[in-house]
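The values are calculated or read from the model by the stated rules, or taken from the named source; none is laboratory data. Quantities reported herein were computed from a predicted structural model and do not represent experimental measurements. As a convention, Cβ positions derive from the backbone with ideal geometry for all residues, glycine included, and neighbour counts pool all protein chains shown.
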Amino acid sequence: MTDPRTFAPPWARWTLATVLGLTLLRLGVLKISPLDLLPDEAQYWSWSREFAFGYFSKPPLIAWLIAATTKLAGDAEYGVRMASPLCHAVAAFALYRLGTALNDQRLGFWSALTYLTLPGVTFSSTLISTDAPLLAAWAVALVAYAEAPKASSLRRSFVLGLAIGIGFLAKYAMAYFVLAALLHALWSREARQFWWSRRGLLAIAVALLCLLPNLIWNATNGWATFGHTAANAAWNDAASDTEGAPIWIASQFGVFGPILFGALLVRLALLRRHPADLTERFLLCFTLTPIVVVLVQAAIARAHANWAAPAYVAGSIWVVRWLLATGRKRIAAASIGLHLVVALIFYVYAAGLASAPLPKVLDAPLAFRRGWSSLARDVRTRSLNMPGASIVTVDRKTMAALTYYLRDYPAPLVIVPTGPVPGNQFELTQPIDARTGAHGLLILPFDGDSPVTQRFEQAQIVGRLLLRIGTGRQRVYRYLEVTGFKG
């Protein structure tokens, strides 16, 4: 009699082929893409030129990754961004292993493919940000946490602690993982026993050891990164209404996908009628914790769409597991199909293979990545006509873009501080002074007057630049020749 396993789908090989195929496609798109670095990406690149255990607004891992990839592939945009699709590939492989451990290889394959095609991951894979390494570390930590309590050795616990520590070095949002683990421990006796055992204590010790250098850096630098993170939450500027919460919820249909996020909400509504089993409770904790925390943040003040991105690591397995278990495989397949179509269109435009104008809403993710190199070329040309002049900026975005795109230009590049305390890394490391402010080309990122001109003895308008960056979008810059910075 024929062994039925002979006809079992080769899920592992399918996962390997899918993840490698999509990752190579994404690397190819990055290689030929004409899109400029965003100011945040340019800022991270500027950090990568000097090794440190911390930077003004982010932990250090993003700069370390860029330093590694640019050493391999050069300082062009491709070299700066190439770590992103690789990190997402790591997360997808981790989800395959987690899905296999929780159920079977079938769930592992579907979970990996679902995650890899999420709209948020598609967008994230074309730029370098702290989200990509955070999601990779989060996924590896989830696998280790699922396996460590039953492991015969301490290796899984070490990996768990290492992944948590690396996650914190990527982005402090890894704190959501700690909150989710605490919630799970309240729900699971096995989890409580694990955290109080030598395995759990080893994981905690390793995580703290990884984070320790960054804590020391912050302590010796006025807790700069922690202060910026707290300020970014903007609780002091809380809105008087809660419009932010509905808008943020709506944005999650774009991050997770309309079908998947709809299915997530339906499953939540059905929890009372069909209670979660132990596996689903585990996935619930690591899905809902980031969503609830950021939803509260959105209700109090503001929240960006990507702030709860870690939720959709476990969320991909949770929703797909429920769809497969209830005979709704076609819904999961339809979601993946829709996301692949969206990804294909996005990559065609991101690679510069299509020039037909897109609607303003759809063009937005691309428009913000245009024009920065054009600005730098124009600034270089004008600066050549002003020998000995510094290039003076007043905002972080312009400063970051020019730092990258004028990286081989010898003129001093400085920024005018906005206050007595540095507001960003550039104000900390490249502030204007009497020497660089003696004669400069001042760039204002708007077409109008600015009180900053009063900080110079003389300021004369010498030009204007209009950049059309996409459907219905443009940037306007005003140039002034300034002398005699007053301090």
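Before moving on, here are some points about what is shown:
- Selection of strands (runs of 3 or more DSSP E) fully inside region 403-480 by the criterion of at least 3 residues being buried (at least 17 other Cβ atoms within 10 Å of the Cβ) and within 28 Å of the chain's Cα centre (by Cα) returns 413-415.
- Counted residues, region 180-210 - those being part of a helix (DSSP H, G or I) and closer than 22 Å to D277 by Cβ: 15
- Selection of region 368-399 for residues being within 18 Å of Q460 (Cα to Cα), small (G, A, S) and either touching a Pro at 6+ places or on another chain (Cβ under 9 Å) or modelled with pLDDT of 95 or more (or both) yields S383, A389, S390.
- For region 41-55, filtered to residues that are among the aromatic types (F, W, Y) and crowded, with 22+ Cβ neighbours inside 10 Å, the residue that is farthest from M82 (Cα to Cα) is Y55.
- Cross-chain or 6+ apart pairs with Cβ under 8 Å, region 248-266 first and free of Cβ contacts under 8 Å to residues at least 60 places away in the same chain, then polar (S, T, N, Q) and part of a helix (DSSP H, G or I): F261/Q252; L264/T287
- Cβ pairs under 8 Å, 6+ apart, first in region 326-350 and closer than 27 Å to H274 by Cβ, second of a type in the set (S, T, N, Q) and in a helix (DSSP H, G or I): A332/T114; S335/T114; I336/T114; H339/T122
- Residue in region 111-122 that is closer than 21 Å to Q193 by Cα, part of a helix (DSSP H, G or I) and either outside the structural domain of S57 (by TED's automatic domain parsing) or not aromatic (F, W, Y) (or both) present: no
Residues are listed down the side, and each one gets a yes or a no for (1) farther than 30 Å from G54 by Cα; (2) not hydroxyl-bearing (S, T, Y):
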site: T418; (1), (2): no, no
site: V421; (1), (2): no, yes
site: Q425; (1), (2): no, yes
site: I432; (1), (2): no, yes
site: T436; (1), (2): no, no
site: L444; (1), (2): no, yes
site: F456; (1), (2): yes, yes
site: A459; (1), (2): yes, yes
site: V462; (1), (2): yes, yes
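- Number of positions in region 280-302 that are more than 15 Å from Y172 (Cβ to Cβ) and touching a residue at least 12 places away in the same chain (Cβ under 8 Å): 16
Conditions tested, residue by residue: (1) modelled with pLDDT under 95; (2) more than 20 Å from S57 (Cβ to Cβ); (3) among the small types (G, A, S).
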site	(1), (2), (3)
T122	no, yes, no
L127	no, no, no
L134	no, no, no
A151	yes, yes, yes
F158	no, yes, no
L162	no, yes, no
V178	no, yes, no
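- Hits in region 49-69 (condition: part of a helix (DSSP H, G or I) and among the hydrophobic types (A, V, I, L, M, F, W, C)): L61, I62, A63, W64, L65, I66, A67, A68
- Qualifying residue in region 71-83 (condition: under 30 Å from T220 (Cβ atoms) and without any contact (Cβ under 8 Å) to a residue 24 or more places away in the chain): yes
- Only residues that are without any contact (Cβ under 8 Å) to a residue 12 or more places away in the chain and aliphatic (A, V, I, L, M) were counted across region 180-194, and they come to 3.
- Pick from region 98-116, criterion out of contact with any Lys or Arg (no Cβ under 8 Å at 6 or more places or on another chain) and surrounded by 23 or more Cβ atoms within 10 Å (Cβ to Cβ), ranking: nearest to L22 (Cα to Cα): L116
- Residue within region 374-384 that is among the hydroxyl-bearing types (S, T, Y), touching a residue at least 24 places away in the same chain (Cβ under 8 Å), within 19 Å of D40 (Cα to Cα) and surrounded by fewer than 20 Cβ atoms within 10 Å (Cβ to Cβ) present: yes
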